[in-house]
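Where a number appears in this text, it was derived from the coordinates with a stated rule and is not lab data. Since the structure is predicted, the reported quantities are computational estimates derived from the model, not experimental observations. Here Cβ is always computed from backbone atoms with ideal geometry, including for glycine, and neighbour counts include all displayed protein chains.
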Amino acid sequence: MPDFAYVARSSSGQRVSGTLTAPNERDALSTLSAKALFPLEVKLEAPAMTLGGRRIKAQMMATTYGQMAGLLRSGVPLLRSLAVLRDQSSHVGLKDVLTQVHGKVEEGATLADAMLRHPKAFSEMATNMIRAGGEGGFLEDALDRVAVFTEQQEDLKSRTVGAVAYPAFLAVIGTLVVTVLIVFFVPMFEPLFAQLKQRGQLPIITEWLLAISGILGSWYSLIPLGALLFGGVWLQTRLQTEEGRLASDQFKLRVPMVGKIYLNMAVSRFCRVLGTLLHNGVPILRSLEISSMATGNRVLGGAIRKAAENISSGQTLAAPLAACGHFPSDMVEMIAVAEESNSLETVLVSMADQLERRTWRQLDLFVRFLEPIMLLMLAGVVLLVAIGLLLPVMKMSSIVQ
């Protein structure tokens, strides 16, 4: 959420200035009115960014969360803990972020609100869990949970990257090899095929090959490159809008094979965050609101918020989750049983572990299929190039004979 700088007068006529965090200007004005302040000026502040606009590594943030939890549990005040972490940090970007967070907390902002100003350092999930911990009086436990959760997610991400690294390498090398063959090797045979082309006896596959080689070797190749660049810029702009992000999240869930892996990862995050919050005594409606943001998917987040609305009217959690159609049926059944036995938080964390293990097996299977498929595709393209060059040579040989 953005920050708003305000100048207001209190009921006694004293001039007051400061900053507050709100979804929009109307909510900021409502917050000032609730504090018995008459706003004179309210304007949006530019959001603070990490140094150089770069993200700080998740592993470093996990260590920071754990150290902060340890300091607070040892009785060190929050401001002093932030100062200690700032002074001992060797990372320039993290030191700058902690300095700004310390300044905001010193001005009276909550830790979550101060962190919210740095979305490239503190994830939305971490900020919301820390907010819940501050409101519920278990900030140290919330920081510990965020540290563990961040490490688990980073471990899963590194395993995923490691699994797809080899197929990606094959794709890059294959593209380079085929491009070099078509652009530099194929044109060398064109003069040899001129006679067959005049007679109309040139195989169709060779004609296509020569045409593609001619396009890639001329300025016409700039047209598809320009279209690709324009499409990338348009897509990036589109993804900045709420409609574009929603469409992107829907597309991720529908991609064959990959969509199921992505869904399981999002659902496992939801289960772990919700179970953690419930375990720490956060009310279920507030827990659902926070965990809906932790999924990283707007479609699933909307379904979870709708489930929260149904719960507020007296229904169970399992029914609306099953109705949305995105959550696995076995998971919904386990949630229904857990609600009846009053063990929801324990079952949710257990399901998160199971889903992560299932996700890894699915990802491993996907990569095992992907590697031979990419090798076959590469071999197939090279074979087509070879056939396109050998067919006219064989035809010319038969004519000579």
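Model label points for A168 and T99, set 7 angstrom from Cα along the Cα-to-Cβ axis, are 3.3 nm apart. Close amide H contacts of L40 (hydrogens built in the peptide plane, cut-off under 5 Å, sequence separation of 5 or more or a different chain): V7, A8, R9. The calculated pair-distance distribution of the range 51-152 uses every alpha carbon pair, bins of 5 angstrom beginning at 0, and gives 2, 14, 25, 31, 21, 6, 1 percent. In straight-distance terms, cross-link reach from K197 covers every one of the lysines whose alpha-carbon lies under 17 Å from its own, apart from those fewer than eight places away in the same chain; here that gives K395. Computed from the C-beta positions of Q354 and R305, the FRET efficiency with R₀ = 30 Å rounds to 0.75. Here r is the Cβ-Cβ distance between Q14 and A247 and R0 is 45 Å; the resulting FRET efficiency, rounded to 0.05, is 0.35. The distance between label points at W208 and T237 comes to 3.5 nm (points 7 Å beyond Cα on the Cα→Cβ vector).
Only helices enter the 222 nm calculation for the chain: every DSSP H run of n ≥ 4 contributes -39,500 (n - 2.57), and dividing by all residues gives -24000 deg cm²/dmol, rounded to 500. From the largest down, the chain spans 106, 53, 41 angstrom on the principal axes of its Cα atoms. Taking every alpha-carbon pair within the range 90-242, the share separated by more than 22 Å comes to 68 percent. Output the DSSP H helices from the chain with an along-axis C-alpha extent of no less than 30 Å and a mean Kyte-Doolittle hydropathy no less than 0.5. Qualifying helices: 139-180, 258-279, 344-400. The range 224-240 and the range 161-184 have Cα centres lying 23 Å from one another. Note: relative contact order over the chain, using C-alpha pairs below 8 Å and six or more positions apart, is 13 percent.
Checking the table K57/K157; K157/K252; K43/K95; K57/K260 against a 22 Å threshold on Cα-Cα, which pairs fail? K43/K95; K57/K260, as the Cα separations exceed 22 Å there. A simple packing score, the average count of other Cβ atoms within 10 Å per residue, orders the peptides 373-381, 94-102, 10-18, 122-130 as 122-130, 94-102, 373-381, 10-18, with the highest score first.
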